[in-house]
Amino acid sequence: MKNIFAALSLTLLLTACTDSSTTSAKSSTPVNVTVLGLNDFHGNLEATNFKIPDPADATKLVNLPAGGAELIGGYVQQEKDKNANQIFVGAGDLIGASPVTSSLLRDEPTVLALSKMGMKFSSLGNHEFDQGLKELQRMQKGGCDSNAPEKACKFQNPYPGATFKWLGANVVDKTTRKTVFDPYDIATVGGVKIGFIGAVLKDTPSIVSPDGIATLDFLDEADSINKYVTELKGKGVDAIIVLIHQGGTAKDGYAVPACGTLTGPIVDIVNRLDPAVNAVISGHTHQGYNCLVNGRTVIEGDFYGHLLQRLDLTITPSTKKVEVRAMNVLMDSRTLPKDPAMTTLVTRAKDLTNAVRQSPVGTIATASITKTNNAAGESALGDVVADSMLASTGAQNTQIAFMNPGGLRADLIASGAGNSVTYGDLYAVQPFGNNMTVMDLTGAQIRAVLEEQFDSGGTVGANKVLQISKGLTYSYDSTAAKGSRVDASSLKLNGAVLDPAKNYRIVTNSFLAGGGDSFSTFKSGTNVLQLPNLVDIDVFVAYVKANPGLAGGAQNRITKTK
């Protein structure tokens, strides 16, 4: 355990110099500024489990409660007491896909908590758009004119809005071509000016419900950022930090400084950024890393607030010399103080939602049912949820159900005795509120849907393998050519090969039905029936109630041959 905290304390020194000919009048005295970053918080007001090496046996992992508003608030204040020159920022997905405590209150407690902590700016994330642009604008500006009036303004009436500012340099209105949120802002702290530019992954339209962002275009991240770097340089800023909701993965752990193993979309973006950008605070991939890309710090802090990204900047205004020391800081429940104001806020959110959250639903066969995929991309929990969708639409004569794996946000974990589960346990799995959508697809279209799983390229882990209901089986070869990975002769319903020309009645959620996750074939379905009274969480609850001692699926519906 000592090695971990030793690694956490290691720092990386980078120097980025620019022309000082226009800054000779500025002070030559260095200014120390701390930038703290939070990514992919997803409304997790309470601490959640984070795996760390067992202090008694470093070869094993144990769960440590980490993150949550109380610990984050405590750390932010603790460090501000040490250095008043502090800026707290975010890298998107602060809200959306949230637990009951926040989601049932339209994530207003989360926004208010981050505002009270002093957050200054955040990039937009894809989940900020879960409820559409208008609702996101309400989250920014305040008010009660919500598309979910049963949830809005129940925590505080009226809801005052965020005091921090969401930034989106690459999100523009399709008609005006203007950004719908400010692309950047400048913070002056300790006498120095630091520009922050925000961006969200350009593929956002493929992973959120299309209707809510129909008026928006999501532009290339690097091109958009560089456009505003030029503006910021013209305004004489002393440093530039990018907040971006896009990331990658690294072989090195979150505590390894200056890692050189980062891969993924963020690498290409950073390689194309103007050299005036001093550091990049990233998100989206739910990874912890502290890496270098062409000598520039790129850092991400896991998810749910388990880690805060920390940049300690030393800025010399006269020369615009910027030194960056980067690390991820564990929000450790064993050592960090709790913020009393956050304790009060979290307690109120729990009090308002406990009756719903703690209501019993049923029992499961084991302590948990996992959403972790097998080698073919199928999970025990995915099988169960797909079966629940099929069961809920028997009156519509459905034969097949499809569930997107990204819609399963957590394992189903029994919180009570005898493996009993509550509404809150189930809600943690499916928090989106998508309604069931029934349609006809031909056998050929069903195969096309399954081929679309692999359009993202790479290995199964990078794909979007749909979870399917009982009775449907097939095999695929991940090494085969695009469009021919699914073995047509193996694609069967109750043992009979699907007829390419025959119609089959299928059910999916409204997200996939609208072409979400780039499953465009669903939009070609016929005899479409929207079922607004059948919402995903309600369908799941009804299924668990109807099946006491529910076991996870056998994960034998999908076979990967290569």
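Annotation for the range 479-507 versus the range 180-234: alpha-carbon center distance of 42 Å. Kindly state, to the nearest 0.05, the FRET efficiency for Ala148 paired with Gln358, given R0 = 25 Å and r defined as their beta-carbon distance. It comes to 0.70.
Placing R0 at 35 angstrom, the Cβ-Cβ distance between Ala258 and Ser518 gives a FRET efficiency of 0.50 after rounding to 0.05. In the range 529-549, whose amide N lies under 12 Å from the spot 7 Å out along Cα-to-Cβ of Asp211? List them in ranges. Residues 530-533 qualify, since their backbone N sits under 12 Å from the label point.
Note: relative contact order over the chain, using C-alpha pairs below 8 Å and six or more positions apart, is 16 percent.
Listed by chain and number, the aspartates and glutamates whose C-alpha is less than 19 Å from the C-alpha of Lys560, apart from same-chain residues fewer than 8 away, are Glu378, Asp383, Glu451, Glu452, Asp455, Asp477, Asp487. Placing pseudo-labels 7 Å out from each Cα toward the beta carbon at Lys545 and Ala417 gives an inter-label distance of 2.4 nm. Peptides 163-170, 351-358 ordered by packing proxy, namely the average of other Cβ atoms within 10 Å per residue, highest first: 163-170, 351-358. Between Ser490 and Gln78, the contour length at 0.36 nm per residue exceeds the Cα-Cα span by 142.3 nm. Rg/Rh, computed from the Cα trace of the chain with Rh as the Kirkwood radius, has the value 0.98. Quick one: of Lys120/Lys178; Lys154/Lys174; Lys116/Lys233; Lys26/Lys202, which pairs are farther than 29 Å apart, Cα to Cα? Table pairs above 29 Å Cα-Cα are Lys154/Lys174; Lys116/Lys233; Lys26/Lys202. Once the Cβ-Cβ distance of Asp185 and Asn63 is raised to the sixth power relative to R0 = 45 Å, the FRET efficiency obtained is 0.75. Please state the shape class of the range 371-452: rounded when a/c is under 1.5, otherwise prolate if a/b exceeds b/c and oblate if not, all from the C-alpha gyration tensor. Since a/c reaches 1.5 and a/b is larger than b/c, the shape of the range 371-452 is classed as prolate.
Rule-based calculations on the coordinates, nothing more; no lab input. As the structure is a computational prediction, the values presented were derived from the model and not from experiment. Here Cβ is always computed from backbone atoms with ideal geometry, including for glycine, and neighbour counts include all displayed protein chains.
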